[in-house]
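First comes the structure, then the notes that go with it.
Derivation of every value follows stated rules applied to the coordinates shown; laboratory data play no part. Computed from a prediction, not measured in an experiment: that's the story for all the values here. Neighbour counts are summed over all protein chains in view; Cβ atoms, including those assigned to glycine, are modelled from backbone coordinates with ideal geometry.
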Amino acid sequence: MQLSLTPFLLAVEFGFLFLLAWRAGLITGETREMALVHAYFSWIVVYGIATCVLGALGCYVSEDMLRLLPGLWLQLITVAAVVGPVILFMTVRNGLRRIVDTTPLHWFAWFHGMRIAAVGTGYKTIIGEFPLYFGLLVGIPDFLFGLSAFWMARRLKQGSAGEREFMIWNLVGALIIVPAAPLLLQLGLPGPMQVFAAAPDARAVFTYPMSIAPMIGVPLFVLVNLWVAWRLWERRAAATAGAS
């Protein structure tokens, strides 16, 4: 097994979510609501551990899995696992709203600063352990977005960036990954859609511990982008409706 920072980054992502829920509970006094949000975040952790175990067992690079074109749909399971409870339970949605409303927005920008860890993708590409095309087309934009997080956090803290700008920035952060990354992954996996066949191919992305990134780590970053953008859009729409 290769040495990787990916498991530690995932642990920090999880810790950040629980910190926000705990803080929102203290500020609002909504203990029952936040308890359900804690349960929701615990479910994400359980799911994340399960994906790590499957990656360690080599399930994502097995011949049976590759025949199913996993690059096109596999990460949708993660999206369904994370988004499903939000759609089904209003209490969870309300709790997520309260978290954004009680959290300094620059904290969310700092959170995405961890995406500079994509520099590791660049390093692995240089030493020949990672597919060149994926490092160039996904790794570099993700790294640059991580760098922009420090600039955005500073502007938010100083009050020189507004909610609309931050909402757009979060949408850009999501669009860097979706839909390009899943499609590019499939184009580098053995099968009828393979275009990038030079070694190493995209199986390197789905090999543990790197598999943690596409299966849970990166989707969490994207979903936090969308979560914050959704709440900011709600607040903007409410303010517009109130002014009319």
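Projected label points at ILE87 and ASP101, each 7 Å from Cα along the beta carbon direction, are separated by 2.5 nanometres.
Counting every other Cβ atom within 10 Å of each residue's Cβ, MET34, MET193, MET167, MET114 order from fewest to most as MET193, MET114, MET167, MET34. For the range 23-52 and the range 67-89, compute the distance between their C-alpha centroids and round to whole Å. Cα centres, the range 23-52 to the range 67-89: 19 Å. Extension gain, ASP64 to ALA241, is 58.5 nm, computed as 0.36 nm per intervening residue step minus the present C-alpha separation. Distance between the C-alpha centres of the range 99-141 and the range 168-200: 15 Å, rounded to the whole angstrom.
Between ARG32 and PHE8, what is the label-point separation in nm under the 7 Å Cα-to-beta-carbon projection? Each label point lies 7 Å from its Cα, and together they span 4.2 nm.
Between helix 31-56 and the chain there is an angle of about 10 degrees, using the helix long axis and the longest principal axis of the Cα atoms.
Label-to-label distance, LEU175 versus ALA80, with points set 7 angstrom from Cα along the beta-carbon direction: 2.8 nm. Charging the Cβ of each Asp and Glu at -1 and of each Lys and Arg at +1, and nothing else, the dipole of the range 6-243 about its Cα centre rounds to 620 debye. Could you point to the residue in GLY146, TYR123, TRP73 farthest towards the positive end of the chain's charge dipole, with +1 and -1 charges on the Cβ of Lys/Arg and Asp/Glu respectively? Of the listed residues, the answer is GLY146. Take the alpha carbon gyration tensor of the range 111-189, find the square roots of its eigenvalues, order them as a ≥ b ≥ c, and report rounded if a/c is under 1.5; if not, report prolate when a/b exceeds b/c, else oblate. Because a/c hits 1.5 or more and a/b fails to exceed b/c, the range 111-189 counts as oblate. The simple Förster model, with R0 at 35 Å and r as the Cβ-Cβ distance, assigns LEU136 and TYR47 a FRET efficiency of 0.70. Here's the picture: charge each Lys and Arg Cβ at +1 and each Asp and Glu Cβ at -1 in the chain, and of ILE216, MET90, ALA180 the one pushed furthest to the positive end of that dipole is MET90.
Is the C-alpha gyration tensor of the range 189-244 telling us rounded, prolate or oblate? Criteria: a/c under 1.5 is rounded; beyond that, a/b larger than b/c is prolate, otherwise oblate. Prolate shape, in that a/c is at least 1.5 and a/b is the bigger ratio.
Taking only the alpha-carbon positions of the chain and ignoring solvent, what does the Debye formula give for the base-10 log of I(q)/I(0) at q = 0.15 Å⁻¹? Log10 I(q)/I(0), no solvent term: -1.07.
Calculated mean residue ellipticity at 222 nm for the chain: -22000 deg cm²/dmol, from DSSP H runs with n ≥ 4 weighted as -39500 (n - 2.57), summed, divided by the residue count and rounded to 500. Note on LEU57/PHE18: beta-carbon distance plugged into 1/(1 + (r/R0)^6) with R0 of 30 Å gives a FRET efficiency of 0.65.
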